[in-house]
Amino acid sequence: MINKEMENALNGQVNAELYSAYLYLSMAAYFESIDLSGFANWMRVQFQEEQFHAMKLYDYIIERDGKVLLQAIDKPPSEWDSPSAVFEATLEHEQKVTGLINDLVYLARSEKDNATEIFLQWFVGEQVEEEDNVGKIVGQLKLIKNSPQSLFMMDKELGQRVFAAPTKAEGGA
Ligand code: FEO
(Lines give C-alpha, C1' and ligand atoms only; values in the text may rest on other atoms or scores of the structure.)
Protein backbone atom coordinates (compact mmCIF):
# COMPACT_ATOMS: atom_id res chain seq x y z
CA MET A 1 0.00 0.00 0.00
CA ILE A 2 1.31 3.40 -0.96
CA ASN A 3 1.09 6.32 1.48
CA LYS A 4 -1.19 9.28 0.75
CA GLU A 5 1.52 11.85 0.15
CA MET A 6 3.31 9.62 -2.34
CA GLU A 7 0.01 8.75 -4.02
CA ASN A 8 -0.86 12.45 -4.43
CA ALA A 9 2.58 13.23 -5.82
CA LEU A 10 2.40 10.37 -8.35
CA ASN A 11 -1.08 11.49 -9.38
CA GLY A 12 0.40 14.96 -9.93
CA GLN A 13 2.99 13.39 -12.22
CA VAL A 14 0.27 11.58 -14.21
CA ASN A 15 -1.16 15.04 -14.87
CA ALA A 16 2.27 16.47 -15.76
CA GLU A 17 2.86 13.66 -18.27
CA LEU A 18 -0.57 14.13 -19.82
CA TYR A 19 0.13 17.86 -20.09
CA SER A 20 3.41 17.00 -21.83
CA ALA A 21 1.48 14.80 -24.27
CA TYR A 22 -0.97 17.65 -24.91
CA LEU A 23 1.86 20.17 -25.38
CA TYR A 24 3.59 17.98 -27.96
CA LEU A 25 0.33 17.32 -29.77
CA SER A 26 -0.12 21.09 -30.00
CA MET A 27 3.43 21.43 -31.33
CA ALA A 28 2.62 18.74 -33.92
CA ALA A 29 -0.38 20.80 -35.04
CA TYR A 30 1.84 23.90 -35.30
CA PHE A 31 4.31 22.03 -37.52
CA GLU A 32 1.45 20.75 -39.70
CA SER A 33 0.29 24.37 -40.06
CA ILE A 34 3.67 25.39 -41.52
CA ASP A 35 3.92 22.28 -43.74
CA LEU A 36 6.72 20.55 -41.85
CA SER A 37 5.08 17.14 -41.61
CA GLY A 38 8.31 15.36 -40.59
CA PHE A 39 8.70 17.66 -37.57
CA ALA A 40 5.00 17.08 -36.87
CA ASN A 41 5.60 13.34 -37.00
CA TRP A 42 8.40 13.65 -34.45
CA MET A 43 6.02 15.50 -32.13
CA ARG A 44 3.26 12.93 -32.66
CA VAL A 45 5.69 10.22 -31.54
CA GLN A 46 6.60 12.39 -28.56
CA PHE A 47 2.87 12.64 -27.76
CA GLN A 48 2.69 8.83 -27.71
CA GLU A 49 5.77 8.59 -25.50
CA GLU A 50 4.23 10.93 -22.95
CA GLN A 51 1.01 8.95 -22.90
CA PHE A 52 3.12 5.88 -22.23
CA HIS A 53 4.81 7.68 -19.30
CA ALA A 54 1.43 8.71 -17.88
CA MET A 55 0.10 5.15 -18.15
CA LYS A 56 3.20 3.69 -16.54
CA LEU A 57 2.55 5.87 -13.47
CA TYR A 58 -1.20 5.18 -13.63
CA ASP A 59 -0.61 1.41 -13.57
CA TYR A 60 1.95 1.68 -10.78
CA ILE A 61 -0.46 3.60 -8.51
CA ILE A 62 -3.03 0.83 -9.04
CA GLU A 63 -0.45 -1.90 -8.48
CA ARG A 64 0.35 -0.34 -5.09
CA ASP A 65 -3.35 -0.26 -4.13
CA GLY A 66 -3.56 3.48 -4.59
CA LYS A 67 -6.29 5.44 -6.33
CA VAL A 68 -5.74 7.26 -9.60
CA LEU A 69 -7.27 10.74 -9.52
CA LEU A 70 -7.27 12.63 -12.80
CA GLN A 71 -7.16 16.42 -12.79
CA ALA A 72 -7.84 19.00 -15.50
CA ILE A 73 -5.09 19.31 -18.09
CA ASP A 74 -3.90 22.89 -18.74
CA LYS A 75 -4.31 24.41 -22.18
CA PRO A 76 -0.97 24.29 -24.04
CA PRO A 77 0.35 27.14 -26.21
CA SER A 78 -0.46 26.82 -29.91
CA GLU A 79 1.87 29.28 -31.68
CA TRP A 80 5.65 29.58 -31.79
CA ASP A 81 7.95 31.88 -33.76
CA SER A 82 9.99 29.19 -35.51
CA PRO A 83 10.97 25.49 -35.42
CA SER A 84 13.91 26.52 -33.20
CA ALA A 85 11.58 28.21 -30.75
CA VAL A 86 9.50 25.01 -30.53
CA PHE A 87 12.49 22.84 -29.73
CA GLU A 88 13.93 25.34 -27.26
CA ALA A 89 10.56 25.31 -25.47
CA THR A 90 10.64 21.50 -25.58
CA LEU A 91 14.08 21.37 -23.98
CA GLU A 92 13.00 23.81 -21.29
CA HIS A 93 9.90 21.71 -20.64
CA GLU A 94 11.87 18.47 -20.39
CA GLN A 95 14.29 20.10 -17.94
CA LYS A 96 11.30 21.06 -15.83
CA VAL A 97 9.98 17.47 -15.96
CA THR A 98 13.40 16.18 -14.89
CA GLY A 99 13.10 18.42 -11.83
CA LEU A 100 9.65 16.98 -11.07
CA ILE A 101 10.97 13.41 -11.35
CA ASN A 102 13.88 14.23 -9.06
CA ASP A 103 11.47 15.70 -6.50
CA LEU A 104 9.47 12.44 -6.60
CA VAL A 105 12.65 10.45 -5.99
CA TYR A 106 13.53 12.65 -2.99
CA LEU A 107 10.01 12.23 -1.61
CA ALA A 108 10.14 8.44 -2.01
CA ARG A 109 13.49 8.47 -0.22
CA SER A 110 12.23 10.59 2.67
CA GLU A 111 9.12 8.38 2.98
CA LYS A 112 11.39 5.28 2.97
CA ASP A 113 9.32 3.96 0.05
CA ASN A 114 11.96 1.77 -1.61
CA ALA A 115 9.61 0.29 -4.21
CA THR A 116 8.64 3.72 -5.52
CA GLU A 117 12.22 4.92 -5.49
CA ILE A 118 13.24 1.91 -7.61
CA PHE A 119 10.21 2.35 -9.91
CA LEU A 120 11.20 5.99 -10.50
CA GLN A 121 14.70 5.09 -11.65
CA TRP A 122 13.29 4.23 -15.07
CA PHE A 123 12.01 7.81 -15.37
CA VAL A 124 15.38 9.21 -14.24
CA GLY A 125 17.08 7.37 -17.14
CA GLU A 126 14.32 8.32 -19.55
CA GLN A 127 14.78 12.02 -18.76
CA VAL A 128 18.50 11.82 -19.54
CA GLU A 129 17.57 10.37 -22.94
CA GLU A 130 14.81 12.92 -23.59
CA GLU A 131 16.99 15.92 -22.78
CA ASP A 132 19.78 14.48 -24.93
CA ASN A 133 17.51 13.85 -27.95
CA VAL A 134 15.91 17.27 -27.78
CA GLY A 135 19.23 19.01 -27.10
CA LYS A 136 20.67 17.51 -30.28
CA ILE A 137 17.80 18.83 -32.37
CA VAL A 138 18.14 22.28 -30.77
CA GLY A 139 21.84 22.19 -31.74
CA GLN A 140 21.12 21.10 -35.31
CA LEU A 141 18.52 23.83 -35.76
CA LYS A 142 21.04 26.41 -34.53
CA LEU A 143 23.55 25.15 -37.09
CA ILE A 144 21.21 25.34 -40.05
CA LYS A 145 19.73 28.71 -38.99
CA ASN A 146 16.38 27.96 -40.65
CA SER A 147 17.94 27.54 -44.13
CA PRO A 148 14.97 26.18 -46.15
CA GLN A 149 17.01 23.46 -47.83
CA SER A 150 18.48 22.11 -44.59
CA LEU A 151 15.12 22.39 -42.87
CA PHE A 152 13.62 20.28 -45.65
CA MET A 153 16.34 17.63 -45.16
CA MET A 154 15.78 17.63 -41.42
CA ASP A 155 12.03 17.35 -41.94
CA LYS A 156 12.63 14.17 -43.96
CA GLU A 157 14.82 12.74 -41.22
CA LEU A 158 12.40 13.53 -38.37
CA GLY A 159 9.62 12.02 -40.46
CA GLN A 160 11.27 8.61 -39.99
CA ARG A 161 10.72 8.49 -36.24
CA VAL A 162 8.33 5.77 -35.06
CA PHE A 163 6.96 5.06 -31.63
CA ALA A 164 8.12 1.80 -30.11
CA ALA A 165 6.75 0.93 -26.68
CA PRO A 166 9.66 -0.20 -24.47
CA THR A 167 9.88 -3.94 -23.88
CA LYS A 168 9.52 -5.31 -20.37
CA ALA A 169 13.32 -5.51 -20.03
CA GLU A 170 13.50 -1.82 -21.01
CA GLY A 171 10.91 -0.86 -18.41
CA GLY A 172 7.78 -1.36 -20.51
CA ALA A 173 4.49 -2.80 -19.30
FE1 FEO B 1 7.53 12.20 -19.80
FE2 FEO B 1 9.09 13.95 -21.76
O3 FEO B 1 8.91 13.30 -20.06
- Karplus couplings for segment 27-37 from phi (6.51 cos²θ - 1.76 cosθ + 1.60, θ = phi - 60°), rounded to Hz, Gly and Pro as x? 5, 4, 5, 4, 5, 4, 5, 10, 6, 10, 6
- Roll a 1.4 angstrom probe over the protein heavy atoms and tell me the percent of accessible area of the chain that is carbon or sulfur. 55 percent
- Message: Running a GNM on the chain with Cα contacts under 10 Å, which residue among Glu32, Glu63, Glu92 ends up with the highest mean-square fluctuation?
- Response: Glu63
- Please give the solvent-accessible surface of Glu88 in Å², to the nearest 10, using a probe radius of 1.4 Å with every protein chain present. 90 Å²
- How big is the charge dipole of the chain about its Cα centre, in debye rounded to the nearest 20, if each Lys and Arg gets +1 on its Cβ and each Asp and Glu gets -1 on its Cβ? 140 debye
- Calculate, in nm to one decimal, what Thr167 and Asp35 gain on full extension: separation in residues at 0.36 nm each, minus their alpha carbon distance. 44.2 nm
- Along segment 90-104, what does the Karplus equation 6.51 cos²θ - 1.76 cosθ + 1.60 (θ = phi - 60°) give for ³J(HN,Hα), rounded to whole Hz, x for Gly and Pro? 5, 4, 4, 5, 5, 5, 5, 5, 4, x, 5, 5, 4, 4, 5
- Nearest-0.05 FRET efficiency for Lys156 and Ala85, computed from C-beta distance (R0 22 Å): 0.55
- Query: For the chain, what does -39500 (n - 2.57) per DSSP helix run (n ≥ 4), summed and divided by total residues, give at 222 nm, in deg cm²/dmol to the nearest 500?
  - Reply: -26000 deg cm²/dmol
- Would you mind calculating the relative contact order of the chain from Cα pairs under 8 angstrom and at least 6 residues apart, reporting the percent as a whole number? 31 percent
- Task: In whole angstrom, note down how far apart the Cα centers of segment 108-173 and segment 36-53 are.
- Result: 11 Å
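The values are calculated or read from the model by the stated rules, or taken from the named source; none is laboratory data. The model shown is predicted, which means the values in this text are computed figures rather than measured ones. Counting neighbours? That spans all protein chains shown, and the Cβs are built from the backbone with ideal geometry, glycine included. All accessible areas refer to the heavy atoms of the entire protein, side chains included, with ligands and DNA or RNA removed. Shrake-Rupley method; radii C 1.70, N 1.55, O 1.52, S 1.80 Å.
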